[in-house]
Amino acid sequence: MIQRYKICVCKTKSCSERFSKDVKEKFIELVRKQRLGDRVCIGDGGCYGHCTIGPNVFIIGPIPDDQWEDYRTRDFLPGDDGPPKRIYNGVSPNDCLELLEKHCLKDQKEAAS
């Protein structure tokens, strides 16, 4: 079973001033390099209420197959009954690989076992 994830990077003014665009570009680069485009999508996020400690990143997943298309094509966060989500604050491009490995790649390896 393929484990799918969405990574949302805040793009509001406060996070943008802290280089959230660089964080998003790094995630995109890593997803391409790891050939994870069919299981991990990168999206824009809105305000998560942690503006002073941004850039903020939400990692959503694993996302069930029947919900994947909605998460892949729309920018929204799951409610309490949705897929698991985790927020990270103060994310830099140097943190992206570790977060990708911790969530997306780790679960891929476990699912294959």
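Every number in this text was worked out from the coordinates using simple rules, so none of it is lab data. Given the structure is predicted, the values throughout are model-derived calculations rather than measurements. So basically every Cβ, Gly included, is an ideal-geometry build from the backbone, and we count neighbours across all protein chains shown.
Between Asp80 and His50, the simple spin-label model (points 7 angstrom out along Cα→Cβ) gives 2.0 nm. Couplings 3J(HN,Hα) for the range 46-51, derived from phi with the Karplus relation 6.51 cos²θ - 1.76 cosθ + 1.60 (θ = phi - 60°), are x, 6, 9, x, 10, 4 Hz, where x marks Gly and Pro. The residue among Tyr5, Tyr71, Ser20 whose Cα reaches farthest toward the positive pole of the charge dipole of the range 5-112, with charges on the beta-carbon of Lys, Arg, Asp and Glu, is Ser20.
Using the Karplus relation 6.51 cos²θ - 1.76 cosθ + 1.60 with θ = phi - 60°, the per-residue 3J(HN,Hα) values for the range 76-90 come to 7, 9, x, x, 4, 9, x, x, x, 9, 9, 9, 10, 10, x Hz, with x marking Gly and Pro. The amide H of Gly45, built 1.01 Å from its N in the peptide plane, has Val9, Cys10, Lys11 as neighbours under 5 Å, considering only residues 5 or more places off or on other chains. Simple spin-label estimate for Lys33 and Asp66 gives 3.8 nm between the two label positions (7 Å along the Cα-to-Cβ direction from each Cα). Absence of a disulfide-compatible partner, taken as no other cysteine beta carbon within less than 4.7 angstrom, is noted in the chain for Cys8, Cys41, Cys47, Cys51, Cys96, Cys104.
When the square roots of the Cα gyration tensor eigenvalues are ordered a ≥ b ≥ c, the ratio a/c for the range 5-112 is 1.5 or more and a/b does not exceed b/c, which makes its shape oblate.
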